[in-house]
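The values are calculated or read from the model by the stated rules, or taken from the named source; none is laboratory data. Everything numeric here is computed off the predicted structure, so don't read it as measured data. In this analysis, Cβ positions are derived from the backbone assuming ideal geometry, glycine residues included, and neighbour counts consider all displayed protein chains. With ligands, DNA and RNA removed, areas are computed over all heavy atoms of the protein, side chains included. Shrake-Rupley method; radii C 1.70, N 1.55, O 1.52, S 1.80 Å.
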Amino acid sequence: MTDETLLSARNLNLHFGAVPALVNVNADLWPGEVLAIVGESGSGKTTLLNVLSGRMAPQSGTVWYRDSEGVQSDVHAMSAPSLRALHRSDWGFVHQNPRDNLRMGVSAGGNVGERLMAQGSRHYGSIREEAIRWLAQVEIDEARVDDLPRTFSGGMLQRLQIARTLVTHPRLVFMDEPTGGLDVSVQARLLDLIRTLVRRLGIAVVLVTHDLAVARLLAHRVMVMQRGVVVETGLTDQVLDDPQHPYTQLLVSSVLAA
Amino acid sequence: MIMLETENLSKTFLLHLQGGVRIDVLSGVDFHVSAGECVALTGPSGAGKTTLLRSLYGNYRAAGGAIRVRHEGRMVDIVTASPRLVVEVRDRTLGYVSQFLRVVPRVSALDIVADAARGLSPDEARVKAAELLRRLHIPTRLHGLPPATFSGGEQQRINLARGFIGSHPILLLDEPTASLDNANRDIVIEMIREARASGKAIIGIFHDTHVRDATADRVFHVSPLQDAA
Amino acid sequence: MNGYNFAYLDEQTKRMIRRAILKAVAIPGHQVPFGSREMPLPYGWGTGGIQVTASVLGANDTLKVIDQGADDTTNAVSIRRFFARTAGVATTTHTAEATVIQTRHRIPEHPLREDQILVYQVPQPEPLFKLEPSRAEARRMHGLAEYGLMHVKLYEDITRYGHVSISYDYPVMVGGRYLMSPSPIPAFDNPKMHMMPALQLFGAGREKRIYAIPPYTRVESLDFEDHPFRATRAPHACGLCGAEDSYLDEVVTDDKGGRLFVCSDTDHCETRRADGHTGTELAA
């Protein structure tokens, strides 16, 4: 692990039976950087995200995380309480389906405030104010703070999930197809929001997407995966405009222009 | 002072999807540009002018040779630099005005331009962006709109504003006046001259010989490697 | 003793329950599973409390049994008689005279002493029961002390009603570590648990869990800094003894809307009346 990287992975291997999900995968992420992992189904991109975030263990290889004090830890050797604490504070995880990460029976404000309460916040007034502030940041009307997410549209739910994730100012956020399943106009708004927030807050992001346009818009660097192997990695515009690997060339040429 | 130089630069495209067809575009390119200088790339269509420009920016990956850019006092080889370093160089040193505006949904013309400013507060950036847009005849009433529905010429002018608002010491311009009428073309010529006079190093592809003659100190000829069919 | 072992349960069972109690006392507020036995009354009628009482009772103990504060309800009477028959122990209705007090849903008003044991009947030992449907996840939360979810529930109450709406079984933090359900005692009674000199034991028969609060342990009701916990009671005096600081039952007296508020703790009320206190109902 070099002196500056926030997250580093070396020699990750994981097979599901005979199916290769990760084959000698290396990855690095620097503070404030957005790294996109692109590939089609079966590429291993979601598996890589899960292994990097400690949610799934590799069969071999290591993932290191450097915290704000510069202390380096092996993500998969951490105790369960430490990893859970990390996920609640310095890290965030935005799921493709926002319902996986929201309490549908709890108000929007309660959803956003939960991480604060989990960290020991005990002042109702300030928790609520902070929640309202974050709802504004993700363009949800303040008047909805007491509403149940059941009444929200898909795009609003996703934005609520993002507010809930960012409220503790994480340094690193994992995103799994954050715009998947949303209408195109809704996607545009969400992408713009993610782009703005990530840049303004200097958050490092590992973003899994099958949509090259999303990678181009949000990511500094991109990793292209095919059947568990990283076939190409580099500057986003370079990989997408001057693809070297045959599979990357295939992916890029397959994208339909509107 | 040399701001950018290439040494034995070559660029090849290997099209795996077309049966592995190999297209050599650039070979042995030795080229340089100094501060306060504007160099025009010339050559027939398809010769590799845009390829060269994109390679200088790191948008295309060079096959061989070196591309050295003076970045904050030291020479950085774009060909071997880490992606992170290239991002940094592009952020502070090397600017690119492409022919086509890549439109970001929902972001207004003003913000697209203001975004590219460096060393200014967000408000200052927006003021300067508005000035540049007005200078390029984009009226104020359009500033707040996302440019997806603007004409090609309007989009080109937004691109230009974006390129000129930053304080990049080196500017790469790809057909900066391609979709512009004469009035706007002349404004761009003025802007390029001002940039040159303020010490920027400029490399441009100018389809319009009038523009080229009005802005370039010298030309660099790019010859096609492959025979025309 | 009519052919029963002392206090009904066999010695091996009592030993098993005592081991569970020891574990519970060693980890205040933590739920310890135990092998709940078939008792001569169905689940939901106090089998957990009865098994705990049976395991700690000795021949020289004096037992009091209350049900919602009253010694004279059917269940309190039955359970008291059960132990009188199977253990032959002395029984009483006076809190101050008892050494073991089994209670359903109230803590006696009279302060308890170091030589007393309070045994609570618990229907649902898991404080996160209604918030987290997965039992496994709830156990993980206890293990990792991740109780944000409970605070979210309190937050939601304040959002919806302007105050926490929990009036009984109000969740507490024991020893600053474990979130605990105090059983369905009124929130009013919660402060009595804090630093209580007596040992507090909790038995849930159907759910097969025992937990405990050792004497002089910190027990704090969950709240927010700007919405602190308040022990609320009906703003009346007891109609019989005039007490203004005891928990009251509301009794409907006629079909014209007549109401009478009386102390829920019958022993407390009787003792006050014996000391000469009267309420408006008696004075009238």
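Below are the figures for this structure:
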{"quantity": "Candidate set: region C:161-170, residues that are surrounded by 12 or more Cβ atoms within 10 Å (Cβ to Cβ) and either at positive phi or out of contact with any helix residue (DSSP H, G or I) (no Cβ under 6 Å at 6 or more places or on another chain) (or both); chosen: the one farthest from the other protein chains (Cβ to nearest Cβ)", "calculated": "C:Y168"}
{"quantity": "Complete set of residues in region C:158-172 that are out of contact with any Gly (no Cβ under 7 Å at 6 or more places or on another chain) and over 21 Å from C:H105 (Cβ atoms)", "calculated": "C:I158, C:R160, C:Y161, C:G162, C:H163"}
{"quantity": "Pick from region A:214-237, criterion farther than 19 Å from A:S53 by Cα, at the interface with chain B (Cβ under 10 Å from one of its Cβ atoms) and not β-branched (V, I, T), ranking: surrounded by the most Cβ atoms within 10 Å (Cβ to Cβ)", "calculated": "A:L235"}
{"quantity": "Considering residues of region C:226-246 that are under 20 Å from the mean Cα position of the chain (by Cα) and open to solvent by 40 Å² or more (accessible area, probe 1.4 Å) only, the residue nearest to the other protein chains (Cβ to nearest Cβ)", "calculated": "C:F229"}
{"quantity": "Strands (runs of 3 or more DSSP E) fully within region A:200-258 counting 1 or more residues that are within 20 Å of A:V184 (Cβ to Cβ) and among the aliphatic types (A, V, I, L, M)", "calculated": "A:204-209"}
{"quantity": "The listed residue being closer than 28 Å to C:D115 by Cα and either open to solvent by 50 Å² or more (accessible area, probe 1.4 Å) or not β-branched (V, I, T) (or both), out of C:D254, C:D267, C:D249, C:D223", "calculated": "C:D267"}
{"quantity": "Lone qualifier among B:R22, B:R61 - being open to solvent by 20 Å² or more (accessible area, probe 1.4 Å), within 10 Å of another protein chain (Cβ to nearest Cβ) and closer than 30 Å to A:S254 by Cα", "calculated": "B:R61"}
{"quantity": "Yes/no for C:F129 being open to solvent by 40 Å² or more (accessible area, probe 1.4 Å) and within 24 Å of C:G176 (Cβ to Cβ)", "calculated": "yes"}
{"quantity": "Condition met for C:D115 (open to solvent by 10 Å² or more (accessible area, probe 1.4 Å) and in contact with a helix residue (DSSP H, G or I) (Cβ under 7 Å, 6 or more places away or on another chain))", "calculated": "no"}
{"quantity": "Segments classed as strands (runs of 3 or more DSSP E), wholly inside region C:132-238, with at least 1 members that are more than 25 Å from A:G125 (Cα to Cα) and touching a residue at least 24 places away in the same chain (Cβ under 8 Å)", "calculated": "C:172-174, C:178-180, C:199-204, C:209-213"}
{"quantity": "Hey, C:P186 more than 14 Å from every other protein chain (Cβ to nearest Cβ) and open to solvent by less than 30 Å² (accessible area, probe 1.4 Å) or not", "calculated": "yes"}
{"quantity": "Scope region A:94-142; condition of a type outside the set (A, V, I, L, M), touching a Ser or Thr at 6+ places or on another chain (Cβ under 6 Å) and not in a helix (DSSP H, G or I); matching residues", "calculated": "A:S107"}
{"quantity": "Region B:32-48, residues that are open to solvent by 20 Å² or more (accessible area, probe 1.4 Å) and either under 17 Å from B:I170 (Cβ atoms) or of a type in the set (F, W, Y) (or both)", "calculated": "B:H32, B:S34, B:A35, B:G36, B:E37"}
{"quantity": "Test: residue in region B:74-86 that is away from chain A (no Cβ under 14 Å), aliphatic (A, V, I, L, M), open to solvent by 20 Å² or more (accessible area, probe 1.4 Å) and within 27 Å of B:G28 (Cβ to Cβ)", "calculated": "yes"}
{"quantity": "Qualifying residue in region A:129-144 (condition: open to solvent by 10 Å² or more (accessible area, probe 1.4 Å) and either facing chain C (nearest Cβ under 8 Å) or in contact with a strand residue (DSSP E or B) (Cβ under 7 Å, 6 or more places away or on another chain) (or both))", "calculated": "no"}
